[in-house]
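The structure appears right after this line, and notes come after that.
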Amino acid sequence: MTFRFVPFLVLILVASTYSKHNDDFESVKHGITQLFKTGNKPYFAKTAKSYQLPHVLREHMEKVYNNEEICTLCNLLFDLVIDEWKQGMTKDKILDIVKYICVTLGIENDRVCNGSITINADIVFYIVENYPDIKANRLCGSVLQAFGCSTGDDFDWSIILPPGNAAKRPQPDTSGSSFNILQLSDIHYDPNYKINGKANCGEPVCCQEDQGEADSPENACGYWSDYRFADTPWHLVEETIRQTKTQDFDYVYYTGDIISHRVWQTTVENNTKTISKLYSFFKQSYDVPVFPIFGNHEPHPLNVWPDDRLKDETLSVKWLFKLAADEWSKLIGQDVSETVLKGGYYSVSPRPGFRIIGVNGNLCYTDNWWLIYDDVDPFNQLQWLADTLEQAEAANESVHILSHVPTGDISCLKVWSREYHRIVERFSSTITGQFNGHTHRDEFHVYYNSSAPTEAIGVAFNGASVTPYDSSNPSYKLYRVDQSTYSLLDYEEWTFNLTLANSQPVSETPEWYKLYSFAQAYGVNNLQAIEVDKVLYKMAQDHSLLDDYFRFKFRNGDDGINAGCSETCRKENLCDIAKAQFADNTQCDYFLQLYEQGKQT
């Protein structure tokens, strides 16, 4: 059973390393078929020697592998699983074969393959057994959307939007009264973090207590964490919260991901303990409301959000909704249990004329197996969002939306991304701020009007991450917000250098500093869409701004910026900024044309 184990892998190997000969590919296909039909493991092991797929199911590997081959292998594997299951092969036998394939092809090591497959198996078998006449391309086309696998005619639906256009609203006044909002994201607290552990472990997360000691000081995990696929020890959580409290702010936005990247060994009990610990620490530390949302790592297994009509309680995430309903209500200071219990989303008004909407954006994440079973507006959330925004529009409220997975991300299901974009377009003047997490990068994405492609209508800002996983310095953001319109005026990114902090005595606290102000760095008046749109035109002409963006993206992380940003890198970043809807390259192509023109001037 192939699936994506863990997000956020920075490519450290070039694509040519994994180029395959057609004969090797055909041999592996035959070997997989023989495994299921005859159980011939020695033959498959022989064929797999020349066709290895290390880390193929980690994120961004679509840039490394032959995507057509990966889609073919996925479809072949699941066709065999479905066929053999229907013909009576036992679950244990199927799992034994799939685990063997995972290890033999070098996708991950033995314990990661075994653990990850085991905890996801019941979900996949439930879907195969209960989805009428399921086909492999439905499964592979959704989970491996990033590889361009075909889904046929599946995955197409729409929500109902009210008629009319976005109403005109007052523009923000940069000279008027303002207040601050703190954004934290992607802490990924690691209870198993081992100081001086292995930082080059080869597993989805390193610096674990059971991975042994480092073989040299250079490969040892630092006290404050490590750039090389390490998460956040508790003392870094405490230090980050301590530092944020030196700032002045009225609200805290936490845009998801509490659980570490030890994805092969999660449990409901351990996730509950870790989530409760962080929320309790937030409540203890901050004397202002904290507005949290879910990250894709919070459920067990990670990424999975089953349909609310699911009858099998053993596969349910109701435990997580119940936990959040209680903890979030305490942190927010209002009862949000009604909608949190439905699907992990909520809407509150902390002051007159201002509304905050927490969205469970993980419902678009292609690693969510349950989208295979039922992809149509899970938990009815997008329709609820549109209806809630219509009410806010009628009440002349300004709205901030918190959502974990960016909607233009390659792993946000295409139809969900499209429908969310329609909502933003319809309510562009009501939505005055959007906040994401998930990628661990300091990024922003501009939304454009589908009927007037050069008209910017919204911006989503990514909170980056506290965890350095991977290649980045820990950070947080502080936004300045207009008191009357609740529009974003500016933000500051705060960080510290992980290399320097780890080189100092543990008794010394990291040297936090303001990395940049968005308005100052890019020369704009505020963070409204019309102003941020100007930044893309500037970047297309002045490519040094794209170099600045690259540094900011990793928060000056030594590991992230060491190789610099090539011309391909600059173009990819420019495209990513201009893309807030998956598979819509309209603005990407437009700004790349301007980029090429800028090279000639």
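How far is the Cα center of the range 264-299 from the Cα center of the range 524-579, in Å?
The two parts, judged by their Cα centres, are 32 Å apart.
Each label point is 7 Å from the Cα along the Cα-to-Cβ direction; what then is the distance between the points at Thr568 and Glu129, in nm?
Output for this residue pair reads 4.6 nm.
If amide H atoms are built 1.01 Å from N in the plane of the peptide, which residues on other chains or at least 5 residues away come under 5 Å of the amide H of Tyr253?
Leu182, Gln183, Leu184, Phe291
Starting with the highest mean, order 229-236, 580-587 by the number of other Cβ atoms within 10 Å, averaged over the residues of each peptide.
Most protected by this proxy first, the peptides run 229-236, 580-587.
Starting with the fewest neighbours, write out Leu182, Leu592, Leu488 ranked by other beta-carbon atoms found within 10 Å of each beta-carbon.
Placing the least packed residue first, the sequence is Leu592, Leu182, Leu488.
Work out, step by step, the length gained on full extension between Val268 and Ser329: first 0.36 nm times the residue separation, then minus their alpha carbon distance; give nm to one decimal.
So the extension gain works out to 19.9 nm.
For Ser503 and Lys41, compute 0.36 nm times the residue count separating them, minus their Cα-Cα distance, and round to one decimal in nm.
Between Ser503 and Lys41, full extension yields an extra 161.5 nm.
Provide the per-residue ³J(HN,Hα) series for the range 584-599, in order, calculated from phi with Karplus coefficients 6.51, -1.76, 1.60 and θ = phi - 60°, each as a whole number of Hz, with x at glycine and proline positions.
3J(HN,Hα) across the range 584-599, in whole Hz: 9, 9, 4, 6, 4, 4, 5, 6, 5, 4, 5, 4, 5, 5, x, 5.
Report D for the range 93-232 in µm² per second (integer): Stokes-Einstein, Kirkwood Rh on Cα pairs, 37 °C, 0.692 mPa s.
160
At R0 = 25 Å, how high is the FRET efficiency between Arg242 and Tyr513 if r is their beta carbon distance? Nearest 0.05 is fine.
Efficiency at R0 = 25 Å is approximately 0.95.
Shape call for the range 518-589 from the C-alpha gyration tensor, a ≥ b ≥ c root eigenvalues: rounded (a/c under 1.5), prolate (a/b greater than b/c) or oblate?
Oblate is the answer for the range 518-589, as a/c is 1.5 or above yet b/c matches or exceeds a/b.
Loop only per DSSP, at most 16 neighbouring Cβ atoms within 10 Å: give me the GluC sites (Glu not before Pro) in the range 472-569, ordered by residue number.
Those satisfying the criteria are Glu508, Glu511.
Kirkwood-based Rg over Rh for the range 555-598 (C-alpha set), two decimals?
For the range 555-598, the value is 1.07.
In percent, how large is the relative contact order of the chain, given Cα pairs closer than 8 Å and 6 or more residues apart?
Rounded, it is 14 percent for the chain.
Loop only per DSSP, at most 12 neighbouring Cβ atoms within 10 Å: give me the trypsin sites (Lys or Arg not before Pro) in the range 297-379, ordered by residue number.
Arg309, Lys311
Write down the percent of antiparallel bridges among all DSSP beta bridges whose residues are both part of the chain, to the nearest 5.
Roughly 60 percent of the DSSP beta bridges within the chain come out antiparallel.
Can you work out the FRET efficiency for the pair Tyr590 and Asp308, with r the C-beta to C-beta distance and R0 = 41 Å, to the nearest 0.05?
Result of the calculation: an efficiency of 0.50.
Give me Ser566, Ser411, Ser316 sorted ascending by neighbouring Cβ count inside 10 Å, so fewest comes first.
In order of increasing Cβ crowding within 10 Å: Ser566, Ser316, Ser411.
Please go through the residue pairs Lys41/Lys198; Lys37/Lys135; Lys63/Lys514; Lys63/Lys342; Lys168/Lys514; Lys553/Lys579 and name each one whose alpha carbons sit more than 25 Å apart in this structure.
Violating the 25 Å limit, Cα to Cα: Lys41/Lys198; Lys63/Lys514; Lys63/Lys342; Lys168/Lys514.
Among rounded, prolate and oblate, which fits the range 181-331 when a ≥ b ≥ c are the square roots of the eigenvalues of its C-alpha gyration tensor, a/c under 1.5 means rounded, and a/b larger than b/c means prolate?
oblate
Rounded if a/c is under 1.5, else prolate if a/b is larger than b/c, else oblate: which is the range 279-438, with a ≥ b ≥ c the root eigenvalues of its Cα gyration tensor?
oblate
Mind giving me the FRET efficiency for Ile160 and Lys86? R0 is 45 Å, r the Cβ-Cβ distance, nearest 0.05 is fine.
With R0 = 45 Å, the Cβ-Cβ based efficiency is 0.75.
Is any residue of the range 417-444 close enough, with backbone N under 13 Å, to a label point placed 7 angstrom from the Cα of Ala394 along the Cα-Cβ axis, and if so, which?
Answer for the range 417-444: none.
Could you work out [θ]222 nm for the chain from helices alone, using -39500 (n - 2.57) per DSSP H run of at least four and dividing by all its residues? Round to the nearest 500 deg cm²/dmol.
-12000 deg cm²/dmol
Tell me, in nm to one decimal, what length is gained between Ser216 and Asp287 on full extension, where the rule is 0.36 nm per residue of separation less the Cα-Cα distance?
Stretched out fully, the Ser216 to Asp287 stretch lengthens by 21.2 nm.
With just the Cα atoms of the chain, tell me how far they stretch along each of the three principal axes, in Å, largest first.
75, 60, 57
Assuming 1.002 mPa s and 20 °C, estimate D for the range 15-147 with Stokes-Einstein, Rh taken as the Kirkwood radius over Cα pairs, in µm²/s.
Calculated translational D: 141 µm²/s.
Using Cα centres only, tell me the gap between the range 401-435 and the range 68-118 in whole Å.
What the calculation gives is 34 Å, centre to centre.
Highest mean first, how do 461-472, 201-212, 423-434 rank when packing is the count of other Cβ atoms within 10 Å averaged over residues?
Ranked from most to least packed, the peptides come out as 461-472, 423-434, 201-212.
Taking the Cβ of each residue in His60, His445, His440 as the centre, tally the other Cβ atoms inside 10 Å and list the residues starting with the fewest.
Taking fewest neighbouring Cβ atoms as first place, the list is His60, His445, His440.
Between Asn75, Cys412, Pro289, whose Cα lies farthest towards the positive end of the dipole of the chain when Lys and Arg beta carbons carry +1 and Asp and Glu beta carbons carry -1, centred on the Cα centre?
Working it through, the farthest residue towards the positive pole turns out to be Asn75.
In a solvent-free Debye calculation with one equal scatterer on each Cα, what is log10 I(q)/I(0) for the range 387-462 at q = 0.12, 0.15 Å⁻¹, listed in the order of the q values?
Relative scattering, expressed as log10 I(q)/I(0), comes to -0.32, -0.51.
For Lys538, put the label point 7 Å out on the Cα→Cβ axis and report which residues of the range 418-450 keep their amide N under 20 Å from it.
From the range 418-450, the list is 434, 442-448.
Every number in this text was worked out from the coordinates using simple rules, so none of it is lab data. Please read these numbers as outputs of a predicted model, since none were measured by experiment. FYI the Cβ positions are ideal-geometry reconstructions off the backbone, even for glycines, and counts take in every protein chain you see.
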